[in-house]
Amino acid sequence: MRTWIRSLRPFDGLAVNSEIAVHSLIDKTIDLREAERFIRLFHAENPEAGNLHDRLHQVVRDVSRSGTYTHTAAELEFGARVAWRNSNRCIGRLYWRSLRVRDRRKVSSAEGVALECVTHLREATGEGKIRPTITVFAPDTPRRMGPRILNEQLIRYAGHRRGDGSVVGDRRNVALTDLARSLGWRGGSGRFDVLPLVIQAGSRVPLLCNLPGDAVLEVPIVHPEYPWFASLGLRWHAVPAISDMCLEIGGICYPCAPFNGWYMGTEIGARNLADADRYDQIPVIAGRLGLDTSKERTLWRDHALVELNVAVLHSFEAAGVTMTDHHTEARRFMTHLEREEKAGRTCPADWSWIVPPISGSATPVYHRYYDESSLSPAYVHHRPMV
Ligand code: ARG
């Protein structure tokens, strides 16, 4: 069941942010140099695309008339894929060409965005065979701001703040949970409650949309050897879909362009369920394993971390949900680097993000340096809305 809630009370934080947003709209004419750079890149890598100079003239004419221009479907698809190729923090870029691009630039209402996000999740989840997908909504233009999703990802678990200051659920999402409540969400109080989408379109009060159950595939975490592991009650969602980054292509900003890949086990096993400021499960697992936690040098943390990561990888595999491990993905990334070099391109990368959070030095990505430049098209964080 899908439910809409349009809150009656405007949210103060947003009022402040939309003021900033209005200011940044004052000079929102497209930077022609960026537009030209992108159109040239598109034609260089797509020789079948037609006449470069005709297209450049058209873009210049459109920008001088309206302050902006419109990407062709092929330019949009290429731009979204290259933005992935340029993502310094992503180890999974080998498959950048396979990104499915859903062109929904005509959609700008909050209700329209909500419906399309639900369809995105269903299609990308594919009953476990996850497909990297992006849905691109209306861009910012000099006349109108595009819609925005205030959630960091389409699927996020609530962090419920309790009277005594403790938090039930994902601490990372406490602010979003508070925001959803202030807008009228009547969520539960559990550790894994999926938050509603919070969507801002125009100057209207944000729309809340509860995700229907069939759009959110989840995997219960079990261990191949320890039956007690299931009783920890851990789970995670199958699809990581980033929804708060802008897709920037040739000077145009698409502020609402949720995209997903599939998970690498360590994102869940070595961070989401493990970090002390997330689900903090390492001491719990160490206790159940009967490890000596009286001193650090027993390496009880490391031991528990490995078992949690074994459990995450095993559970996704048992559930038939696409997931990669950090050793395989690190090797693929080395292949990607080679391919990019052969194609005569630099492949920028951020070492601190590329190296996995466990067993870094056991993977090849650890033992080298990377080009640190930033390229465009790109996925970027603009002002935080929450
Ligand atoms: N690390 C984030 C999370 O755990 C997801 C980031 C994107 N990850 C991906 N495999 N595409 O939710």
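Some notes on this structure:
- Checking each residue in the stretch 310-358 for being among the polar types (S, T, N, Q) and farther than 23 Å from Glu225 by Cβ picks out Thr322, Thr335, Thr346, Ser352.
- Taken together, the criteria place Ala349 among residues that are more than 24 Å from Ala304 (Cα to Cα) and small (Gly, Ala, Ser).
Residue-by-condition table, conditions (1) touching a residue at least 12 places away in the same chain (Cβ under 8 Å); (2) in a helix (DSSP H, G or I):
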| residue | (1), (2) |
| --- | --- |
| Ile39 | yes, yes |
| Asp54 | no, yes |
| Thr68 | yes, no |
| Leu76 | yes, yes |
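We did not get these values from a lab; they are worked out from the coordinates using the rules stated. Everything numeric here is computed off the predicted structure, so don't read it as measured data. As a convention, Cβ positions derive from the backbone with ideal geometry for all residues, glycine included, and neighbour counts pool all protein chains shown.
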